[in-house]
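Presented below is the structure to which this report refers.
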Amino acid sequence: QVQLVESGGGLVQAGGSLRLSCTASGSISSINVMGWYRQAPGKQRELVAVITNDRSANYADSVKGRFTISRDNAKNTVNLQMVSLKPDDTAVYYCNANARSTSTWYFYPYWGQGTQVTVSS
C-alpha cells in the first residue's frame with residue numbers, strides 16, 4: 001500500500017503565500033504523476049496542478065502564474081508553492097499520486113487526507 005501525508009495548510013490573508021507539501025510512503029514501486037486537487041464547500045473536486053516524473057507540469061487556468069508545483073523523485077515528495085492567494089482559493093487541498101505498489105503491476109490513484117487552506121479577504 002501507498003500512503004500520502006500532506007502538510008502546510010492554514011489561514012492566510014488575501015495576497016499572502018502558503019507552501020503545501022506531500023510525501024508518499026509505503027511499498028512504492030513507481031510513481032508517474034503526482035498532483036494537487038482541491039474541493040471547496042458545495043463544489044466538486046478540481047485539478048489544481050499535476051507534474052510527471054520528468055517534471056512536466058500542468059496547471060488549472062485559475063492558478064497559472066500564481067502557483068508552482070515541484071517534485072523530488074528521490075524523496076517521493078510533491079510541493080505546491082502558492083502566492084498571491086485569493087479568497088476563491090479557499091478549499092481543502094488533496095495530494096494525489098498515481099503509483100504502483102510493489103505488490104501490483106498496475107498504477108492506482110492514491111489520495112492524501114487533505115489539508116485546509118483558508119484565504120481571508
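The values are calculated or read from the model by the stated rules, or taken from the named source; none is laboratory data. Source: prediction; values computed, not measured. FYI the Cβ positions are ideal-geometry reconstructions off the backbone, even for glycines, and counts take in every protein chain you see. Side chains are part of the model used for accessible areas, which takes the heavy atoms of the whole protein and leaves out ligands, DNA and RNA. Shrake-Rupley method; radii C 1.70, N 1.55, O 1.52, S 1.80 Å.
What to note about this one:
For every residue, the table says whether it meets (1) aliphatic (A, V, I, L, M); (2) open to solvent by 60 Å² or more (accessible area, probe 1.4 Å).
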| residue | (1), (2) |
| --- | --- |
| ILE31 | yes, no |
| ALA40 | yes, no |
| ARG45 | no, yes |
| VAL63 | yes, no |
| ALA74 | yes, yes |
| THR77 | no, no |
| LEU85 | yes, no |
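- Criterion (modelled with pLDDT of 95 or more and at positive phi) met by exactly one of SER84, SER70: SER84
- Close pairs from the stretch 86-101: first part of a loop (DSSP other than H, G, I, E, B), partner open to solvent by less than 20 Å² (accessible area, probe 1.4 Å), Cβ under 8 Å, at least 6 apart: LYS86/VAL119; THR90/VAL117; THR90/VAL119
- Of all residues making up the stretch 1-14, the number that are open to solvent by 20 Å² or more (accessible area, probe 1.4 Å) and either closer than 12 Å to TYR94 by Cα or in a strand (DSSP E or B) (or both): 9
- Residue in the stretch 28-44 that is basic (Lys, Arg) and more than 17 Å from GLN116 (Cβ to Cβ) present: no
- Taking the stretch 47-57 as the range and being at pLDDT 95 or above and exposed (fewer than 14 other Cβ atoms within 10 Å of the Cβ) as the test, only SER56 passes.
- Looking across SER27, SER17, SER120, one residue alone is in contact with a helix residue (DSSP H, G or I) (Cβ under 9 Å, 6 or more places away or on another chain), touching a residue at least 24 places away in the same chain (Cβ under 8 Å), of a type outside the set (Lys, Arg) and open to solvent by 20 Å² or more (accessible area, probe 1.4 Å). It is SER120.
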